[in-house]
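I have a structure I would like to understand better, so I am pasting it below and will then ask my questions one at a time.
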Amino acid sequence: MDPSFFSMGMWSIGAGAVGVAALALLLANTDMFLAKPQKAALEYLEDIDLKTMEKDAVTFKAKALWEKNGAVIMAVRRPGCFLCREEAADLSSLKPRLDELGVPLYAVVKEHIKNEVKDFQPYFKGEIFLDEKKKFYGPQKRKMVFMGFVRLGVWQNFFRAWKGGFSGNLDGEGFILGGVFVMGPGKQGILLEHREKEFGDKVNLTSVLEAARKIRPQTSASEKQ
């Protein structure tokens, strides 16, 4: 066999492999293969069972969080994640303005392990509840696994949070993507639903405030009189 022919063949194979890798990397950085979020219906969210975080936990329906005054709710992907801690701190920066509007700030987590929730609390200035069945992450749970580490946007998010001084750990489940909801009271419904499309995809804070300003607190019959 002619050595030059063999070398040319190997070069062609190598160039082809590089081309395939480049195409895969390009496609991974589009939204083509990302799981599309399924919008949650109000009735679905209302019926979710949540638990308080103390030792003698109390179970209640999620609608109790927003039934009267509405609420801003963060579905936390993983409390130890430095990207989640960054978003929690961002949402907490809105708390003075949310307090003026009479709108509470809450978070739900999908597991309660070690001191993760306790260590998350300094970043989040609202109450935190446990969603054991991960309903707030549905109706169709979406995961990002290894593709997240080849997406340019994820690495940009990593650098942004690291530059902001945030740190974390790898404890707990962190592949099921989270989100943020702004809920109106009663049947006013879901005023904003942000679904995390990749690790560190934060909600727009201006959009959160705009949605919160649309909240119309419920008044009881005695208050109307």
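The values are calculated or read from the model by the stated rules, or taken from the named source; none is laboratory data. All values derive from a computational prediction rather than experimental measurement. Here the Cβ is made from the backbone with ideal geometry for all residues, glycine too, and neighbour counts use every protein chain on show. Accessible surface is based on the protein model in full, side chains and every heavy atom, while ligands, DNA and RNA are left aside. Shrake-Rupley method; radii C 1.70, N 1.55, O 1.52, S 1.80 Å.
Is it fair to say Asp131 is closer than 25 Å to Val58 by Cβ, open to solvent by less than 50 Å² (accessible area, probe 1.4 Å) and among the acidic types (Asp, Glu)?
When the stated conditions are applied, Asp131 passes them.
Go through the range 45-87 and give me each residue that's open to solvent by 10 Å² or more (accessible area, probe 1.4 Å) and of a type in the set (Val, Ile, Thr).
Those that are open to solvent by 10 Å² or more (accessible area, probe 1.4 Å) and of a type in the set (Val, Ile, Thr): Thr52, Val58, Thr59.
Checking the condition farther than 16 Å from Gly80 by Cα, open to solvent by less than 20 Å² (accessible area, probe 1.4 Å) and in contact with a Leu (Cβ under 7 Å, 6 or more places away or on another chain), which residue from Gly148, Gly138, Gly126 passes?
Going through Gly148, Gly138, Gly126 in turn, the sole match is Gly126.
Which one of the conditions (1) over 18 Å from Phe60 (Cα atoms); (2) in contact with a helix residue (DSSP H, G or I) (Cβ under 8 Å, 6 or more places away or on another chain); (3) crowded, with 18+ Cβ neighbours inside 10 Å; (4) among the basic types (Lys, Arg) does Arg97 fail to meet, given that it meets all the rest?
With respect to (1) over 18 Å from Phe60 (Cα atoms); (2) in contact with a helix residue (DSSP H, G or I) (Cβ under 8 Å, 6 or more places away or on another chain); (3) crowded, with 18+ Cβ neighbours inside 10 Å; (4) among the basic types (Lys, Arg), Arg97 is out only on (3).
Quickly run through the range 186-207 and pick out the residues that are closer than 28 Å to Ala64 by Cβ, part of a loop (DSSP other than H, G, I, E, B) and in contact with a His (Cβ under 9 Å, 6 or more places away or on another chain).
Within the range 186-207, Lys202, Val203, Asn204 qualify.
Still on this structure, I have one more. Can you tell me which residues in the range 44-57 are assigned to a loop (DSSP other than H, G, I, E, B) and modelled with pLDDT of 95 or more?
Correct list: Asp47, Ile48, Thr52.
Anything in the range 153-211 that is among the charged types (D, E, K, R) and either touching a residue at least 60 places away in the same chain (Cβ under 8 Å) or open to solvent by less than 50 Å² (accessible area, probe 1.4 Å) (or both)? List them, or say none.
Listed by number, the residues that qualify are Arg160, Asp171, Glu173, Lys187, Glu193, Arg195, Glu196, Lys197, Glu198, Asp201, Lys202.
Of the residues in the range 108-143, how many are under 14 Å from the mean Cα position of the chain (by Cα) and free of Cβ contacts under 8 Å to residues at least 60 places away in the same chain?
5
If you go through the range 157-185, how many residues are hydrophobic (A, V, I, L, M, F, W, C) and part of a helix (DSSP H, G or I)?
Going through the range 157-185 one residue at a time, the tally reaches 4.
To continue, here is another question. Can Lys125 be described as within 18 Å of Ile48 (Cα to Cα) and either in contact with a strand residue (DSSP E or B) (Cβ under 9 Å, 6 or more places away or on another chain) or modelled with pLDDT under 95 (or both)?
So Lys125 does not fit the description; no.
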